[in-house]
Each structure stands twice: as structure tokens, then as C-alpha cells.
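The block underneath contains the structure these notes are about, expressed in C-alpha cells.
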Amino acid sequence: MNFLFVTLININKQIDIFKLNMDFLFITLINIIKQIDIFKISLILICFYIFHFYYKHFTRPNPFPGPIPIPLIGNLEILKNSNVDIDGYTHNLNKKFGHNGIFEFNMAGVRYIMISRAEYVDRFMLPDQDNHKKHLMRTNKDRGLLDFFDFSTKGVAFNCDFNYWKFNRQIFSRAMKTASNSNKTIKLMNNLFEEMINYWINLKKPDDDSTIIEASTWMFKFSFDFLFGVLIGSPSFAMKSYYQRLKNIDITKEIMEYEKYSNCVRNFQSDNLFVFMPNILRHVPIIKDQIQNLVNDCDFMKNKSMERIRKRRKEIEKIVNSSNFNKNQLGNDLLTSMIIANTPYDIHSQLNFTSSLSRPMTDDEILGVLFESFMPSDTISNTFCFVIYYISQNPNVKIKLLEEIKTVFKGDLTRPITLNDLNKLKYCEAIIKETSRIRPAVPLVSRYTDHADEIAGYSWPSTTDTLFIMYVRGINNNPLYWKDPEKFIPERFYESQEIKNHHKFSFSMFGGGLRVCVGKNISMLQMKLLLALLYRKVDVELVDINAPLKIKNTTSTICENLDIKIIYKQPIN
Ligand code: HEM
């Protein structure tokens, strides 16, 4: 009986287990069916998207020669060794397809109409004959992650809102002009150069008469310190912290914070293409982490900048409320100029502003401008590294540069450089322009059309997924305008007839029209003075004269790892 009872219980248990298994099986089956449905629906949607993408591609208005794109990604060939190489890619496409001055490619679903004929770009870079200011936006507001990064209505460069852009730009340009023409800025330049040379001397091995340095990092740190001084009016210790790292010297917490700031700027510049990536890819592993890193860098820079703005506002309030206040007590750095703009303490006379433009800036608006103003330290340093590279490759150019330095400084090679010297350094300027002609740091300048127009002789509807690109590298090297374009000849820009009858856009370095670079004067000032200061004090050689330039591409062309030898002209103790 007992045995029968136990057996019955066991059978019962087996039935229960069987029931459980059936339940489990049933649920699993439903899940699979559900998944199959989702899978099928996804498949149908993807097929539909692909069909729609290629339908749009093959029926696009004004098809130009160029490679066939892949949905979402565009032309995969842009990726070279898992890096984005827009510059190399477009350079090759231009050789292959650009003989008529116009070709196209696709990046992240956006159609890039690449224009390498100067005459074709007037229409979208300049106001028309009736002074209608069309095509003012660099891109459309909904593109990529502009909104996610909170850029689309802030600052100047990425700003897609006409009114905010105009307001910020007017104040920024005015403040920049003041800073560019100031003796204080020249003094800052002289001091920073002395600081940098002293670091290099301290890095020299005891018995050497030269120091080998990695120019791209030093030039970036120098430019960051310079721009920070111009923008904020105080030191940022970027060179100092780099030097201390190289010498294994302990770094204080305060300097470490500054160091992080300059590192964030460099990281951001190096990876800023993520800002233009399709929103949907934001959730893909690896990309997601990269974007999060960029967001963290931005947050850090924004928080630090906001601290600065609030602190400076308090300092200004204290100064203007003191009994013996006069306007000269306020600094001429960009931050101060922006805080006092359109207030009774404004050092500038009022421009013809309409009432909506004549109000002071809010802290948030100042932050937008300040945040992006640090980024070009990288553009200046890249251009300057290219300058060093091309001078080193062309000994005749170096000889002529040294002659100019001798003439301008009349044998006194140690006196500080002045604002007055700036206009005399004509060959220096020609070298910088010729370098930028051959190897522009910003090779693509974009405009977005939000209404139908005729461009490059073709009618264009109003579209949201097309960008018109002034292909600077293509135009600057187009044999239509330049004899032997691949040759480095600064004389083209130095008392030369060659450029006299050229089209306005046959050479460009800072873009053009109403959105031309706000920092063009300060950049030229920095590069010309640094060139004269550097070559009058030391000789510069490439460590490996045969090594090609190492380049990385984002929205600009970045110079990586340029080892140079600094040879001291006078004996160093
Ligand atoms: C060698 C250094 C530099 C180069 C080659 C350069 C180049 C350019 C180019 C090509 C543009 C696009 C212009 C256009 O769309 O027509 C631009 C825009 C701009 N640049 Fe620079 N730049 C440099 C330095 C600077 C500096 C030092 C600053 C300021 C601190 C600056 C601030 C800006 C701003 C705010 C814009 C956007 C203007 C707007 O959208 O209205 N740049 N730059």
C-alpha cells in the first residue's frame, strides 16, 4: 500500500512538472511568435527605409558624379583604418570627379554638394545683388546631435537660429576686434613665448645644443594659453602643466583643473564629428560611450566657464560701484567685454542696433559664446604646425623669412615684438597664407539652403538633407587659379601679380560672407608674431624630414605628432 501511495504521489508530481513544462513551453512559444512578429515588422521597416533611401538617392535633383551611399552611414569609404578621413577622401574624389568643379558624396545621410570652382560659391556664400542675405545657416537645426548637445541655438558657430546668432555674433565680433588691436595682447604673446622657450631650454639634455619637442602638443598648449588670456584675461597654465608632466614634477590641484580644461578642448575638437552623427546611432554601444565622453567634457567645460562668468560679473559690479570708478579699470578681455556690452559701462559706442539687439547678454548666452571660443586654439595650432612643416621642407623660404626678420628687427633680435611690427611681417603672412592654400586647417565650409534657389547654374528645391560645401582645399589647389598648385610658393601672396585678378574665393582660409570667421584677425596676429618670435630666436628642423604629415580629420584637419628639433642660436648656460 505504502509503495502504491508513494508511486501515486510521484506520478502526480510528474504530471505537475509536465504541466509546468507545458506552461513554460507555451509562454516561450508565444514569446517566439511575438519576437518573430517584431522581427518581421523590423525587417519590413528596414527594407522600406532602404528602398526609400535609394529611391530618393536615384531620383535626387541634379545628380552629380560621386560614389553610391549606404543608408544611415553614407559613403563608408570615408572611414580609413577605422578613422574618419574626410580630407583624404574628398581630395581623392575631387581628383576623380571634380574636373567640372562640382561633385557629391554622402555622410551620415546628408548629401554634400562639393564645389571646387570659386565662381560657383558666390551664390550661397554672399548676399545676392539685392542684398538679400540668403543661406546664412551652416547646417539645419535638426541635424545630428546639435540639439542633444544644446548647440543649435547657442553661441555663434553652430547656431542655427538667425536672431540669436546675429545678437551673439555682433557682440562677439566687437569684443574680438578690441582684443586684437591691443598692446596688452601683444605683451601676452611676448611673455608666453618667453615662457615656452624657457621650458624647452629646461627640457634640453645637458650636453646638447638643441631640444626635441612634439610640436602639435606644444603649439596647442601655447595657443590655448594665448586664447585663454585674450578671452578671460587670466592665465590657464596649459604649457606649465604639460612641462611639469614631461619633467615628472608634481602638479597642484588648481593647475590640474586647468589642464583638464585644455585636454577637454583638444578631445572635443578631435571627436567633434560625433555631434553630426544621426540621432539613431547615439544608442549603439561604443558610439554611445564616445558620445557620453564628449558630453562629460562639455559639461565640465560649461560648469567651469559658468563659474568664471559669475565670478567676473561680481568683480565688475564691485569695480563699477566703487567711488573712483572709471571705464579703463575694466579689462579688455572678451569675457568682460561681453558682460558689459550694452550696459552703461560698455567701452564701445552703441552700434546701429535695433532694440532687440541692444540689450545686455544673459549668463547663458555668454556661456554659449565662451564655450566655443576655446575650440579654435586647436585650429590655430594645426595651421602653425603645417607652417613649420612647409618651411622645413623649403630651405629657400626659410632663408627669405630670416631676411625679413633681420630687416624688421634691424639687428635687435631680443626686443619685444610690437603691434607696429605686425604690418611689416609681410613675408610671414605670405607663408601662412600659402600654407593654408595647400593645406587648409578647415577644408570644408558649409551652407544649408532653407529655400529654393539657383546655385552653380542648377535649380535647387528647398531641402533639409543637402549641404552646399565651399570645398576650400579643392578651390585653393585648383589649377584654374593656381600655377603648379602642389608647389609651396609663398611669393604668390607676396607682392605678386598672380592673385591680383583672382576671384575673391579662389583662396580662402577663414570662409567668407556674413559668417566669415570671427577670429581671423587674432589668429593671423598670433601666427605672424609667433613665426617671427620663433625663427628669430631659434632654428627649427623636422626630426624626420622624409616623414609625411600625420593628419586626423574632424570638422578641421588636425596635425598629429610632429617631432621637431629646436636648435638654439646662442649658447645656453
Ligand atoms: C587659424 C585659425 C582659424 C581658422 C583657419 C578658422 C577658420 C574658420 C572658418 C573656415 C570658418 C567658417 C567661416 C564660414 O562659414 O564662412 C570659421 C568660423 C568661425 N570661427 Fe574661425 N578659424 C580660426 C580661428 C578662430 C578663432 C581664434 C576664433 C575665436 C576665438 C574663431 C571663431 C570662429 C567663429 C565664432 C566662427 C563662426 C562664425 C559664424 O558662424 O558667424 N576662429 N573659422
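Some notes on this structure:
- Counted residues, the range 136-168 - those being hydroxyl-bearing (Ser, Thr, Tyr), within 17 Å of the chain's Cα centre (by Cα) and surrounded by fewer than 21 Cβ atoms within 10 Å (Cβ to Cβ): 1
- Scanning the range 196-221 for residues that are closer than 23 Å to Thr379 by Cβ and touching an Asp or Glu at 6+ places or on another chain (Cβ under 8 Å) yields Ile213, Glu214, Ala215, Ser216, Phe220.
- Number of residues in the range 553-573 that are in a strand (DSSP E or B) and surrounded by 16 or more Cβ atoms within 10 Å (Cβ to Cβ) equals 8.
- Listed by position, the helices (runs of 4 or more DSSP H) inside the range 343-452 whose residues that are within 15 Å of the ligand (Cβ to nearest atom) and under 24 Å from Ser223 (Cα atoms) number at least 3 are 363-373, 376-393, 426-438.
- Residue within the range 217-232 that is modelled with pLDDT under 95, basic (Lys, Arg) and farther than 19 Å from Leu367 by Cβ present: no
- Filter result for the condition that a residue is of a type outside the set (S, T, N, Q), surrounded by 13 or more Cβ atoms within 10 Å (Cβ to Cβ) and assigned to a loop (DSSP other than H, G, I, E, B), over Gly474, Gly511: Gly511
- Lys260 open to solvent by 80 Å² or more (accessible area, probe 1.4 Å), assigned to a helix (DSSP H, G or I), basic (Lys, Arg) and without any contact (Cβ under 8 Å) to a residue 40 or more places away in the chain: no
- Criterion violated by Met239 - all others in (1) at pLDDT 95 or above; (2) of a type outside the set (Lys, Arg); (3) open to solvent by 30 Å² or more (accessible area, probe 1.4 Å) satisfied: (3)
- Residue within the range 325-338 that is more than 17 Å from Phe172 (Cβ to Cβ), open to solvent by less than 20 Å² (accessible area, probe 1.4 Å) and not in a helix (DSSP H, G or I) present: yes
- Ile255 being more than 19 Å from Phe172 (Cα to Cα) and modelled with pLDDT under 90: no
- Being within 12 Å of the ligand (Cβ to nearest atom), open to solvent by less than 10 Å² (accessible area, probe 1.4 Å) and of a type in the set (Phe, Trp, Tyr) is a property that Phe124 has.
- Flag for Ile431 being touching a Pro at 6+ places or on another chain (Cβ under 8 Å), more than 30 Å from Met338 (Cα to Cα) and surrounded by 22 or more Cβ atoms within 10 Å (Cβ to Cβ): yes
- Residue pairs whose Cβ atoms lie under 9 Å apart, sitting 6 or more positions apart in sequence or on different chains, and linking a residue in the range 360-378 that is over 13 Å from Ala341 (Cβ atoms) and open to solvent by 10 Å² or more (accessible area, probe 1.4 Å) to a partner that is of a type in the set (Phe, Trp, Tyr) and away from the ligand (no atom under 14 Å from the Cβ), are Met375/Phe268.
- If you go through the range 518-552 and keep only what is assigned to a strand (DSSP E or B) and open to solvent by less than 10 Å² (accessible area, probe 1.4 Å), you end up with Val538, Val540.
- Subset of the range 199-217 [part of a helix (DSSP H, G or I) and either among the small types (Gly, Ala, Ser) or touching a Phe, Trp or Tyr at 6+ places or on another chain (Cβ under 7 Å) (or both)]: Tyr199, Ala215, Ser216, Thr217
- Contact annotation: residue pairs with Cβ atoms under 9 Å, 6 or more positions apart or on different chains, pairing a residue in the range 165-186 that is free of Cβ contacts under 8 Å to residues at least 40 places away in the same chain with a partner that is within 13 Å of the ligand (Cβ to nearest atom) and aliphatic (A, V, I, L, M), are Trp165/Leu136; Trp165/Met137; Trp165/Val156.
- Residue in the range 112-123 that is on the phi < 0 side of the Ramachandran plot, of a type in the set (Lys, Arg) and modelled with pLDDT under 90 present: yes
- Residues within the range 482-499 that are crowded, with 20+ Cβ neighbours inside 10 Å and either among the aliphatic types (A, V, I, L, M) or out of contact with any Lys or Arg (no Cβ under 8 Å at 6 or more places or on another chain) (or both), tallied: 1
- The listed residues are Phe58, Phe105, Phe48, Phe97, and the only one of them that is open to solvent by 50 Å² or more (accessible area, probe 1.4 Å) and over 18 Å from Pro461 (Cα atoms) turns out to be Phe48.
- Residue in the range 483-497 that is assigned to a loop (DSSP other than H, G, I, E, B) and either within 16 Å of the ligand (Cβ to nearest atom) or closer than 26 Å to Val265 by Cα (or both) present: no
The values are calculated or read from the model by the stated rules, or taken from the named source; none is laboratory data. Remember, predicted model here, so these are calculated numbers, not experimental data. For neighbour counting, all protein chains shown are included, and Cβ atoms are generated from backbone atoms with ideal geometry for every residue, glycine included. Side chains included, ligands, DNA and RNA excluded: accessible areas come from the protein's heavy atoms. Shrake-Rupley method; radii C 1.70, N 1.55, O 1.52, S 1.80 Å.
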